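Student: Submitted below is the structure of interest, expressed as structure tokens.
The values are calculated or read from the model by the stated rules, or taken from the named source; none is laboratory data. Computed from a prediction, not measured in an experiment: that's the story for all the values here. Backbone-built Cβ (ideal geometry, glycine too); neighbour counts: all protein chains shown.
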Amino acid sequence: MREIALFEKGLPVTPIEPLNGEYGSNRCFVKRDDLLPFSFGGNKVRKAAEFYKGIKKNDVDMVMTYGSNSSNHCRITANMAAAMGIACHIISPEENREILYNTQMVEQFGGTIETCPVSMVAKTIENRKKAYIEEGRKPYFITGGGHGNPGTRAYVKAYQEILDYEKMNDIRFDYIFHASGTGTTQAGLVCGKLLYGGTGRIIGISIAREAGRGRQVVKDSIREYLGERFDRLYTEEELTFTDAYRLEGYGKYDNAIMDTIQKVMNQEGIPLDSTYVGKAFHGMCQYLEEHEIKDKNILFIHTGGTPLYFDYLSSLQTCGKGCL
Ligand SMILES: *Cc1c(COP(=O)(O)O)cnc(C)c1O
């Protein structure tokens, strides 16, 4: 198994930069996790760097995971396995057949993609794992989206970077917005705040799940990470998960989101995709307006998804597939 020097050394602190555009009377900043220097960056790189430690510690020869083969998580997991010189097996729901740049990259990294109906996923994972072990292979399983304590830890660390920035630059963020999917990123940020303090109100903008389930999953992840500290540290008001901007769910976008994506690219030179960060950034703009938030310091965490920006580039002017 080869080492990944970047993960051995530890990821660099990602920049926080002010935006040019007007967002009411608020001062907006972006934390550029999309610039993490591995496989086009993003929050799945932070998570992968944590799972990497587990892979290294356990004598394994294969990484297994679950997810849409067009996902950022599968791209980065397959890239990590390729860099380490070990096999990668991805179980993907067959309902999702879109061939995006991420899908093509997974293939280029030599990842095996096995599709099955979404209802059969759990069974397929179990069977495949068993079959590999019987063959004498040693698979390491990463939950879809990099969900679980290592993924949460990745964003506890990101939160500490935000606290360091505040201290060094004598600024306090009043709000921290980000795209919330499996909720691991949000769980990490909230755990960071519960453990290390700070003033920023963390707002997860759901890109898929409805508030009830979405919020519960984030809360469960927080409980899992904090363990016995949960009852002492956790309060409901530290967890804001809004589904007001999810439209009809995962991958759905509208013309207003596309307009925001184009505006941010033109004014800031920052690419946002329509599934995750573009949707969340647009949601943030609406949230600021609807809650009449003025004269505040706002931080948006850019969680990546850059290859998806190119997939949907041609849809920017003519609302394309997935568009409502
Ligand atoms: C996966 C992903 C998210 C969501 O992160 P979770 O930890 O699953 O909530 C947000 N943005 C991008 C670009 C992603 O790939």
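Student: Run Ser92 past the list (1) of a type in the set (Gly, Ala, Ser); (2) surrounded by fewer than 19 Cβ atoms within 10 Å (Cβ to Cβ); (3) in contact (Cβ under 8 Å) with a residue 24 or more places away in the chain and report the number of the one that doesn't hold.
Tutor: (2)
Student: Quick test for you: out of Gly305, Gly283, Gly278, pick the one residue that is more than 22 Å from Asn69 (Cβ to Cβ) and at pLDDT 95 or above. Show your work before the answer.
Tutor: Working: Gly305 fails: more than 22 Å from Asn69 (Cβ to Cβ); Gly278 fails: more than 22 Å from Asn69 (Cβ to Cβ).
Exactly one residue qualifies, and that residue is Gly283.
Student: Let me ask something additional. Look through Tyr155, Tyr132 and report the one residue that is in contact (Cβ under 8 Å) with a residue 60 or more places away in the chain, aromatic (Phe, Trp, Tyr) and in contact with a helix residue (DSSP H, G or I) (Cβ under 6 Å, 6 or more places away or on another chain).
Tutor: Working: Tyr132 fails: in contact with a helix residue (DSSP H, G or I) (Cβ under 6 Å, 6 or more places away or on another chain).
So the residue among Tyr155, Tyr132 that is in contact (Cβ under 8 Å) with a residue 60 or more places away in the chain, aromatic (Phe, Trp, Tyr) and in contact with a helix residue (DSSP H, G or I) (Cβ under 6 Å, 6 or more places away or on another chain) is Tyr155.
Student: Suppose the filter is within 16 Å of the ligand (Cβ to nearest atom) and within 30 Å of Pro271 (Cβ to Cβ); does Glu94 pass it?
Tutor: Numbers: within 16 Å of the ligand (Cβ to nearest atom): no; within 30 Å of Pro271 (Cβ to Cβ): yes.
So Glu94 fails the test.
Student: When segment 87-103 is examined, which residues are found to be in contact with an Asp or Glu (Cβ under 7 Å, 6 or more places away or on another chain) and either more than 18 Å from Lys123 (Cα to Cα) or part of a loop (DSSP other than H, G, I, E, B) (or both)?
Tutor: Ala87, Leu100, Tyr101, listed by residue number.
Student: Can you find a residue that is surrounded by 18 or more Cβ atoms within 10 Å (Cβ to Cβ), under 20 Å from Arg27 (Cβ atoms) and of a type outside the set (A, V, I, L, M) anywhere in segment 178-191?
Tutor: Checking segment 178-191: at least one residue is surrounded by 18 or more Cβ atoms within 10 Å (Cβ to Cβ), under 20 Å from Arg27 (Cβ atoms) and of a type outside the set (A, V, I, L, M).
Student: Does Ala280 satisfy the criteria of being within 16 Å of the ligand (Cβ to nearest atom), assigned to a helix (DSSP H, G or I) and either over 15 Å from Gly21 (Cβ atoms) or not small (Gly, Ala, Ser) (or both)?
Tutor: Details: within 16 Å of the ligand (Cβ to nearest atom): yes; assigned to a helix (DSSP H, G or I): yes; either over 15 Å from Gly21 (Cβ atoms) or not small (Gly, Ala, Ser) (or both): yes.
Against the criterion (within 16 Å of the ligand (Cβ to nearest atom), assigned to a helix (DSSP H, G or I) and either over 15 Å from Gly21 (Cβ atoms) or not small (Gly, Ala, Ser) (or both)), Ala280 qualifies.
Student: I'd like the full set of residues that are crowded, with 24+ Cβ neighbours inside 10 Å and in contact with a strand residue (DSSP E or B) (Cβ under 8 Å, 6 or more places away or on another chain), limited to segment 263-283.
Tutor: Correct list: Leu272, Ser274, Thr275, Tyr276, Val277, Gly278, Lys279, Ala280, Phe281, Gly283.
Student: Another one. Out of Arg215, Arg223, Arg229, report the one residue that is within 27 Å of Ala48 (Cα to Cα), assigned to a helix (DSSP H, G or I) and more than 21 Å from the chain's Cα centre (by Cα). Steps first, answer last, please.
Tutor: Values: Arg215 fails: more than 21 Å from the chain's Cα centre (by Cα); Arg223 fails: more than 21 Å from the chain's Cα centre (by Cα).
Result of the check over Arg215, Arg223, Arg229: Arg229.
Student: From Thr124, Thr103, Thr112, grab the single residue that is under 26 Å from Ser314 (Cβ atoms) and either surrounded by fewer than 14 Cβ atoms within 10 Å (Cβ to Cβ) or of a type in the set (Val, Ile, Thr) (or both). Give the steps one after another, and end with the answer.
Tutor: Working: Thr124 fails: under 26 Å from Ser314 (Cβ atoms); Thr112 fails: under 26 Å from Ser314 (Cβ atoms).
Criteria check complete, one pass: Thr103.
Student: While we're looking at this one, here's another question. Can we say Leu233 is crowded, with 17+ Cβ neighbours inside 10 Å, among the aliphatic types (A, V, I, L, M), closer than 28 Å to Leu195 by Cα and away from the ligand (no atom under 11 Å from the Cβ)?
Tutor: no
Student: Evaluate the following for Asp164: is it in contact (Cβ under 8 Å) with a residue 12 or more places away in the chain and surrounded by 15 or more Cβ atoms within 10 Å (Cβ to Cβ)?
Tutor: Numbers: in contact (Cβ under 8 Å) with a residue 12 or more places away in the chain: yes; surrounded by 15 or more Cβ atoms within 10 Å (Cβ to Cβ): no.
It is false that Asp164 is in contact (Cβ under 8 Å) with a residue 12 or more places away in the chain and surrounded by 15 or more Cβ atoms within 10 Å (Cβ to Cβ).
Student: Quick one: Phe40 ticks every box in (1) out of contact with any Gly (no Cβ under 9 Å at 6 or more places or on another chain); (2) in contact (Cβ under 8 Å) with a residue 40 or more places away in the chain; (3) not basic (Lys, Arg) except a single one, so which number is it?
Tutor: (1)
Student: Let me ask another. Any chance you could count how many residues in segment 147-206 are within 13 Å of the ligand (Cβ to nearest atom), in a loop (DSSP other than H, G, I, E, B) and more than 18 Å from Phe281 (Cβ to Cβ)?
Tutor: Final tally of qualifying residues: 4.
Student: Next up: For segment 96-111, which residues satisfy the criterion of being in contact (Cβ under 8 Å) with a residue 24 or more places away in the chain and in contact with a helix residue (DSSP H, G or I) (Cβ under 9 Å, 6 or more places away or on another chain)?
Tutor: Going through segment 96-111, the residues in contact (Cβ under 8 Å) with a residue 24 or more places away in the chain turn out to be 96, 98-103, 105-106, 109-111.
Asn96, Glu98, Leu100, Tyr101, Asn102, Thr103, Met105, Val106, Phe109, Gly110, Gly111 - these are the residues of segment 96-111 that are in contact (Cβ under 8 Å) with a residue 24 or more places away in the chain and in contact with a helix residue (DSSP H, G or I) (Cβ under 9 Å, 6 or more places away or on another chain).
Yes/no per residue for (1) over 21 Å from Phe7 (Cα atoms); (2) in contact with a His (Cβ under 8 Å, 6 or more places away or on another chain); (3) of a type outside the set (Val, Ile, Thr):
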site	(1), (2), (3)
Ile99	yes, no, no
Met105	no, no, yes
Ser119	yes, no, yes
Lys130	yes, no, yes
Glu135	yes, no, yes
Pro139	no, yes, yes
Gly144	no, yes, yes
Gly148	no, no, yes
Gly151	no, no, yes
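Student: In segment 60-73, which residue that is within 16 Å of Ala49 (Cα to Cα) and within 10 Å of the ligand (Cβ to nearest atom) is surrounded by the most Cβ atoms within 10 Å (Cβ to Cβ)?
Tutor: Filtering first and then ranking leaves Asn72.
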